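Engineer: If you scroll down you'll find the structure; I have some questions about it.
The values are calculated or read from the model by the stated rules, or taken from the named source; none is laboratory data. Worth saying up front: this structure is predicted, and the values here are computed from it rather than measured. Note that we place each Cβ from the backbone using ideal geometry, even for glycine, and neighbour counts take in every protein chain shown. Accessible surface is based on the protein model in full, side chains and every heavy atom, while ligands, DNA and RNA are left aside. Shrake-Rupley method; radii C 1.70, N 1.55, O 1.52, S 1.80 Å.
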Amino acid sequence: MDVSQLTAGLSATDPQTRLTSAEALATMGEAAAPACLQLLEAVGDDDQRVREAATAALEGMGPPPVDSVAALAEKLSHPDASIAYWAATLLGRLESRAAPAAPSLSIVVANSDASMEVRQRAAWALGCMGPAAIESLDSLRSAAHESEPRLVRLATRAIESITK
């Protein structure tokens with residue numbers, strides 16, 4: 001099966017079809033990148049096996065297509081923290097090419113109601129963008145003064161990466 005067929009399989013009503021598709025995409029490495037948005041949704045699947053296979057596919061695929069930046073930025077506010085986390089991860093993998101998503105990532109970093117893991121990942125992603133995320137310095141500076149040590153560390157590193 002090709003990527004488009006496997007991508008379609010992620011939306012099937014049958015959990016076994018979704019699982020088979022996600023598992024096949026997990027074996028494809030970077031070739032699975034065109035399915036990144038569907039895999040992102042599958043991370044929130046009702047079936048734990050599908051979630052695990054979709055996560056494995058995302059872990060192994062590398063950066064997503066650049067044309068997915070806007071859609072990934074929208075997923076940063078998803079109510080399922082695992083989907084928002086993976087959206088931030090994929091944006092970070094794009095480095096400076098994800099700069100249009102920097103404002104959305106900044107909002108997440110500053111949002112004290114968001115999952116701490118998602119906030120941390122958003123700070124990491126901004127750091128991956130380097131100077132292209134210059135407009136995010138205010139939210140990162142605020143995060144660097146919070147009480148959660150990992151967020152402080154990631155925000156500080158991001159500031160250093162952006163201002164180097």
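Engineer: Kindly indicate whether W124 is at pLDDT 95 or above, part of a helix (DSSP H, G or I), aromatic (F, W, Y) and farther than 19 Å from G44 by Cβ. So that I can check it myself, show each step before the final result.
Structural biologist: On the way: at pLDDT 95 or above: yes; part of a helix (DSSP H, G or I): yes; aromatic (F, W, Y): yes; farther than 19 Å from G44 by Cβ: yes.
Criteria met by W124.
Engineer: In region 22-36, is there at least one residue being without any contact (Cβ under 8 Å) to a residue 12 or more places away in the chain and acidic (D, E)?
Structural biologist: No, region 22-36 contains no residue that is without any contact (Cβ under 8 Å) to a residue 12 or more places away in the chain and acidic (D, E).
Engineer: Inspect all residues belonging to region 50-59 and state whether any of them is farther than 28 Å from L25 by Cα, touching an Asp or Glu at 6+ places or on another chain (Cβ under 9 Å), part of a helix (DSSP H, G or I) and modelled with pLDDT of 95 or more. Full working, then the answer.
Structural biologist: Narrowing region 50-59 to residues farther than 28 Å from L25 by Cα: none.
No: zero hits.
Engineer: Answer yes or no as to whether A35 is farther than 20 Å from H78 by Cβ, in contact with a helix residue (DSSP H, G or I) (Cβ under 8 Å, 6 or more places away or on another chain) and either part of a loop (DSSP other than H, G, I, E, B) or not basic (K, R) (or both). Talk me through it step by step, then tell me what you get.
Structural biologist: Numbers: farther than 20 Å from H78 by Cβ: no; in contact with a helix residue (DSSP H, G or I) (Cβ under 8 Å, 6 or more places away or on another chain): yes; either part of a loop (DSSP other than H, G, I, E, B) or not basic (K, R) (or both): yes.
So A35 does not fit the description; no.
Engineer: Still on this model: Across region 58-72, which residue is farthest from D113 (Cα to Cα) among those that are hydrophobic (A, V, I, L, M, F, W, C) and open to solvent by less than 20 Å² (accessible area, probe 1.4 Å)? Let's see the steps before the verdict.
Structural biologist: Pass one, region 58-72, residues hydrophobic (A, V, I, L, M, F, W, C): 58, 61, 66, 69-72.
Those left that are additionally open to solvent by less than 20 Å² (accessible area, probe 1.4 Å): 58, 61, 69, 72.
Numbers: L58: 26, M61: 30, V69: 23, L72: 20 Å.
By that ranking, first place goes to M61.
Engineer: Out of all the residues in region 1-30, which are assigned to a helix (DSSP H, G or I), crowded, with 20+ Cβ neighbours inside 10 Å and among the hydrophobic types (A, V, I, L, M, F, W, C)? Working first, answer last.
Structural biologist: The initial filter retains those residues of region 1-30 that are assigned to a helix (DSSP H, G or I), namely 3-9, 15-26, 29-30.
Still in the running and crowded, with 20+ Cβ neighbours inside 10 Å: 6-7, 9, 18-19, 21-22, 25-26.
Answer for region 1-30, where residues must be assigned to a helix (DSSP H, G or I), crowded, with 20+ Cβ neighbours inside 10 Å and among the hydrophobic types (A, V, I, L, M, F, W, C): L6, L19, A22, L25, A26.
Engineer: Tell me which residues, restricted to region 105-117, are surrounded by fewer than 24 Cβ atoms within 10 Å (Cβ to Cβ) and within 15 Å of L90 (Cα to Cα).
Structural biologist: Narrowing region 105-117 to residues surrounded by fewer than 24 Cβ atoms within 10 Å (Cβ to Cβ): 106-107, 110-117.
Once the filter is applied, which keeps residues that are surrounded by fewer than 24 Cβ atoms within 10 Å (Cβ to Cβ) and within 15 Å of L90 (Cα to Cα), region 105-117 yields only E117.
Engineer: Could you say whether any residue in region 75-94 is open to solvent by 40 Å² or more (accessible area, probe 1.4 Å), in a loop (DSSP other than H, G, I, E, B), under 29 Å from A110 (Cα atoms) and in contact with a helix residue (DSSP H, G or I) (Cβ under 8 Å, 6 or more places away or on another chain)?
Structural biologist: yes
Engineer: Taking interchain pairs and intrachain pairs at least six residues apart, which have beta carbon atoms under 7 angstrom, with the first residue in region 4-21 and within 11 Å of Q38 (Cα to Cα) and at pLDDT 95 or above and the second of a type in the set (K, R) and surrounded by 14 or more Cβ atoms within 10 Å (Cβ to Cβ)?
Structural biologist: So the pair list comes out as G9/R18; L10/R18.
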